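The values are calculated or read from the model by the stated rules, or taken from the named source; none is laboratory data. Just so we're clear, the structure is a prediction, and the values are computed from it rather than from any experiment. Quick reminder, even Gly has a Cβ in these numbers, built from the backbone with ideal geometry, and neighbours come from all protein chains shown.
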Amino acid sequence: MRPEEDGARPARRAGPSKPDPTPPAPDPTPVMAPRKPLPRVARWLLMAFAGLCVVLGLIGAIVPGMPTTVFILMAAWAAARSSPRMHAWLYAHRLFGPLLRDWDDGGRVARRVKWIATFTMGASAVLVWHGIRTTWVAGLVLGTMAAVLGWLWLRPEPG
């Protein structure tokens, strides 16, 4: 017996639902052009290099004078060529993702990152000045740090 025959109302068909007013979150992983696959050994070496760079970047976040950003950028480069999964993880990471997306957007560096680098390099400069007895070596290290800081502060900022 059909529902109309026993006096029951026919079941409503599900119509089109209202569109969700919130736009979907953008995919944090950048679109990459397809590449010719690398040999297995090269992929494994690049993946190991990416993992090493992530570990060095994490150490650099704690140890003054050791960079973080450059290691994370190298990890993203190596992961893009060896492991889409690791590459996606880096771009989705709550600390590394914004840094990588800003860099992809025209080599931008956030002001907060610039200040953190300035303070850690300043602390490292004090250690170098008092710890290295050879004057020319200390001068070379301090000059390199000053050049890197100058370059860093000339980078555009996001937003």
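Here are some notes:
- Residue in segment 88-102 that is assigned to a loop (DSSP other than H, G, I, E, B), more than 8 Å from the chain's Cα centre (by Cα) and closer than 19 Å to G60 by Cα present: yes
- From the list I59, I72, the one residue that fits, being in a helix (DSSP H, G or I), surrounded by fewer than 15 Cβ atoms within 10 Å (Cβ to Cβ) and of a type in the set (A, V, I, L, M), is I59.
- Unique residue being touching a residue at least 40 places away in the same chain (Cβ under 8 Å), within 20 Å of the chain's Cα centre (by Cα), surrounded by 16 or more Cβ atoms within 10 Å (Cβ to Cβ) and not in a loop (DSSP other than H, G, I, E, B) when the list is R81, R108: R81
- So L95, is it over 30 Å from P39 (Cβ atoms) and modelled with pLDDT of 90 or more: no
- Criterion applied to A146, A123, A138 was being at pLDDT below 95 and touching a helix residue (DSSP H, G or I) at 6+ places or on another chain (Cβ under 6 Å), and the one residue passing it is A138.
- Selection count where residues are surrounded by 12 or more Cβ atoms within 10 Å (Cβ to Cβ) and closer than 27 Å to W77 by Cβ, scope segment 112-143: 9
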